[in-house]
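The values are calculated or read from the model by the stated rules, or taken from the named source; none is laboratory data. Since this is a predicted model, take the numbers as computed values, not measurements. When we count neighbours, we look across all protein chains shown, and the Cβ atoms used for this are built from the backbone with ideal geometry, even at glycine.
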Amino acid sequence: MVFTIPRRLLVLMCVLSLAAALLAAVPADELDQRVDQLLRQMTLEEKVGQMTQVTIQVVSRKSADGKHELDTARLYDTVVNHHVGSILNVDPGAYSLEHWHEIIRTIQDLATRKTRLGIPVIYGIDAIHGANYTRNATLFPQSIGMAATWNPELVRKEGEITALEVRASGIPWNFNPVLGVGRQPLWPRFFETYGEDPYLVSVLGAAYIKGLEGEDNDLSQPTRVAACMKHYLGYSFPLSGQDRTPAWIPERMLREIFLPPFRAATEAGVHTLMVNSSEINGIPVHASKTLLTDVLRKELGFRGVVVTDWYDVINLYEREKVAASRKEAARLALEAGIDMSMVPFDFSFYDDVLALVREGKISEARIDQSVRRILRLKFELGLFEHPYPDPNLKTQFASERSRRVALQAARESLTLLKNRHQVLPLARNIRVLVTGPTANSLARLNGGWSFTWQGGDESYYPPEKLTILEAIEQKLGKERVIYLPGADYDRTLDLPAVTRAASEVDAVILCLGEPAYCETPGNINDLYLPEAQYALARAVSGANVPVVLVLAEGRPRLIHPIVEQMDAILLAYLPGLEGGPAIAEVLFGEVNPSGKLPFTYPKFPNKLMCYDYKHSEIAKPNSYDPEFPFGFGLSYTRFAYSHLQLSKKILRPGDSLEIQVQVKNVGKRAGKEAVLLYLSDLVRSVTPPVQQLKRFAKVDLQPGEAQTVTFHLTEADLRFIGPDNRTISEAGEFRISVGGLSQTFRLEK
Ligand code: BGC
């Protein structure tokens, strides 16, 4: 019997199957199915292994000639016997692309061919200012300098280039960006932040994430990596300023200042998160169900993978003393909501979690929840299809195009803080003395996370890159430059020689600042520079020639003792591998500086105020009187602001307020200007800050050129954390300030 389908039914069936095919193509569903299918086949051991991350030292040894190599027996034990799903880090310093490829290939060979289910390993790395653990990578200014550019587009490009170079190294996961708001300048990780303002951090953090993950966060693209926002939450604000020490942050402040960048990053689609290594209000964040589950998952809606920081599950037991045993620590962290433990030296987490499940203290369903997230990330990254490094990406690694972006970022970061009698730019035909501990060092221009963890090993830096001294010599010719170090970081050298040399030249370029450091080894006791550096400044300032201070530092070290003697001050932050040339270009006028401070530069060690202070803090005799205020930065040209206009005097919820201001270059040189818009809530139920940054834009103007800059605000921008810690707005009067102009409007509800 022949069964024939009526024509119309056939058409209908075709339409339906096409629709089904389209639906099946929805990647999220497909992904979930693949994840579930795989999960169903996994043993408990395989699952817990996926949640375990170890450092590369666990699977490494030194070869006969002292080089790093994988220890295949230990690797086998790790990946095959212990089912470990993730490896991280570098040891002891950056590898070549080739070595990375060898490492990743070997790991993935084992994982995909020798394990029962062939699940690829996910390798994670700290690529903090470029692919800083791969030899010869493009290195950008550290984030504090990127923030000083006020240019989200440059930050996004940094993310893109970093992703490309990290992926070219065969690595799909980057433990960056740092989204802690930098309001404690003593903290040795200040340079990893985007400064003191939550809005600026939110905008730049989201731009960087889009750079790493792409506009659509499609991680299967071969040049993208998964971003990891860190360190959630409040890590950047230790009371003592020392790394990994307690923060005391009331809920209102947590929500007002520290949470918004993580919310913005979640909205930007970030795939992973790393936890604050320390504690807030007495609760280690790794043990905080409130923060890791209630706020993060339920409130922010974060769906990705939560990885612990280094050793921090064990720390709950050994350091924080909130768990009576290592196993209890693992239980606490799991209950709080972590998915993967950066153990990182052994399989203790694996053993402990297996025991916890077998004892019935943790359910297998809880394990499944985390493993699902981890497998999903691996699928999204395309690791099952492409576990190996893509050799084709090598040709794009450290390209000239990327170098130019890093150079542009360095140029736009440089912040001119003082320029008495327009001493800068210097003429090209003068003789200069270059002196100081940061004058002839690439490490000191790059800081921590540069080829090595601490960044201080000069032998890792590409020899063709220029220090400040070398860049100046290249510009003026060696015969016009005298170089005397004058002082090391905390030790004076031959000061009388420096004084003599200063009197023989037309200008002194005095390079002060910090050695490279990162994390706890970078702790300091106060913000003053060592006395040796002030002594050097005094030694050159008596010579009656202009002294230009160039500061290479990751946090604002105090310059009050010498500020008066300096004719010009250029803050370079940690400008990266192109920092030397960029500094020379600004000093000699080829580039007009446009950086603005993303933090308040304090004058005194104990008067640490941020720009969004309360009215009582400036009620006489109190004052906001820093060395240089937030948002400050000079140019070789001048900008005039006029015509500040608001589209309405009354704003209602649902409406948008348009704000326009005209910015004109009234000087003689082309220049870029970051236009910052502040909002003041004049009266509200929780004491208002005097002002808050709400929008910014950067314009590029020829001499005489004017541009109207347009911003929009809605009622949502007027909200704050109310008396009961909920987000609210209150009707009343508000003031908008831009470039010294201001206008008021009312919110009516
Ligand atoms: C740091 C993290 C980093 C991790 C892995 C920790 O010490 O706090 O920021 O991602 O090490 O290197």
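Taken over the range 585-615, the criterion of being out of contact with any Leu (no Cβ under 7 Å at 6 or more places or on another chain), closer than 13 Å to E412 by Cα and of a type in the set (A, V, I, L, M) is satisfied by V591, L597. Taken together, the criteria place V306 among residues that are part of a strand (DSSP E or B), within 15 Å of the ligand (Cβ to nearest atom) and among the aliphatic types (A, V, I, L, M). Only one of the listed residues (R183, R189, R224) is within 19 Å of G522 (Cα to Cα) and more than 15 Å from the ligand (Cβ to nearest atom). That residue is R183. Residues in the range 318-331 that are more than 25 Å from M229 (Cα to Cα) and either within 16 Å of the ligand (Cβ to nearest atom) or in a helix (DSSP H, G or I) (or both): E318, R326, K327, E328.
Number of residues in the range 637-654 that are without any contact (Cβ under 8 Å) to a residue 60 or more places away in the chain and of a type outside the set (S, T, Y) equals 2.
For the range 245-301, the set of residues classified as within 16 Å of the ligand (Cβ to nearest atom) and closer than 25 Å to R376 by Cβ consists of P261, F262, A265, V270, H271, T272, L273, M274, V275, N276, V285, H286, listed by residue number. Selection of the range 629-655 for residues being exposed (fewer than 13 other Cβ atoms within 10 Å of the Cβ) and part of a loop (DSSP other than H, G, I, E, B) yields K648, K649, G654. So, V155, is that one surrounded by 24 or more Cβ atoms within 10 Å (Cβ to Cβ) and within 15 Å of the ligand (Cβ to nearest atom) or not? Considered against the rule, which asks whether it is surrounded by 24 or more Cβ atoms within 10 Å (Cβ to Cβ) and within 15 Å of the ligand (Cβ to nearest atom), V155 comes out as no. The C-beta contact set for the range 701-714 (first residue exposed (fewer than 13 other Cβ atoms within 10 Å of the Cβ), second residue of a type in the set (D, E), distance under 6 angstrom, 6+ apart or interchain) comprises H712/E658. How many of the residues making up the range 332-353 are assigned to a helix (DSSP H, G or I) and either of a type in the set (S, T, N, Q) or outside the structural domain of L291 (by TED's automatic domain parsing) (or both)? Within the range 332-353, residues that are assigned to a helix (DSSP H, G or I) and either of a type in the set (S, T, N, Q) or outside the structural domain of L291 (by TED's automatic domain parsing) (or both) number 1. Residue count for the range 665-679, restricted to those that are closer than 14 Å to Y611 by Cβ and part of a loop (DSSP other than H, G, I, E, B): 0.
Listed conditions (1) charged (D, E, K, R); (2) touching a residue at least 60 places away in the same chain (Cβ under 8 Å); (3) surrounded by fewer than 18 Cβ atoms within 10 Å (Cβ to Cβ) are all met by D309, apart from (3). When each of K603, K620 is tested for being without any contact (Cβ under 8 Å) to a residue 40 or more places away in the chain and either under 30 Å from F140 (Cα atoms) or assigned to a loop (DSSP other than H, G, I, E, B) (or both), the lone residue that passes is K620. Based on what the data block shows, is E213 more than 16 Å from the ligand (Cβ to nearest atom), surrounded by fewer than 24 Cβ atoms within 10 Å (Cβ to Cβ), at negative phi and among the acidic types (D, E)? In short, no.
Checking each residue in the range 183-196 for being more than 8 Å from the chain's Cα centre (by Cα), farther than 14 Å from P260 by Cβ and either in the same structural domain as P521 (by TED's automatic domain parsing) or not aromatic (F, W, Y) (or both) picks out Q184, P185, L186, P188, R189. Screening E400 on (1) within 19 Å of E464 (Cα to Cα); (2) among the acidic types (D, E); (3) in contact with a Ser or Thr (Cβ under 6 Å, 6 or more places away or on another chain) shows it passes everything except condition (3). As for the range 162-178, it holds at least one residue that is assigned to a strand (DSSP E or B), within 30 Å of V699 (Cβ to Cβ) and within 16 Å of the ligand (Cβ to nearest atom).
Restricting S63, S96 to those that are hydroxyl-bearing (S, T, Y), assigned by TED's automatic domain parsing to the domain that holds V343, farther than 20 Å from D339 by Cα and modelled with pLDDT under 95 reduces the list to S63. The C-beta contact set for the range 230-254 (first residue within 15 Å of E320 (Cβ to Cβ) and among the aliphatic types (A, V, I, L, M), second residue away from the ligand (no atom under 14 Å from the Cβ) and outside any loop (DSSP other than H, G, I, E, B), distance under 6 angstrom, 6+ apart or interchain) comprises A247/I280. Within the range 519-540, the set of residues being of a type outside the set (S, T, N, Q) and within 15 Å of P437 (Cα to Cα) comprises L529, P530, E531, A532, Y534, A535, L536, A537, R538, A539, V540.
The set of residues in the range 320-337 that are of a type outside the set (G, A, S), farther than 17 Å from Y232 by Cβ and touching a strand residue (DSSP E or B) at 6+ places or on another chain (Cβ under 9 Å) contains only V322.
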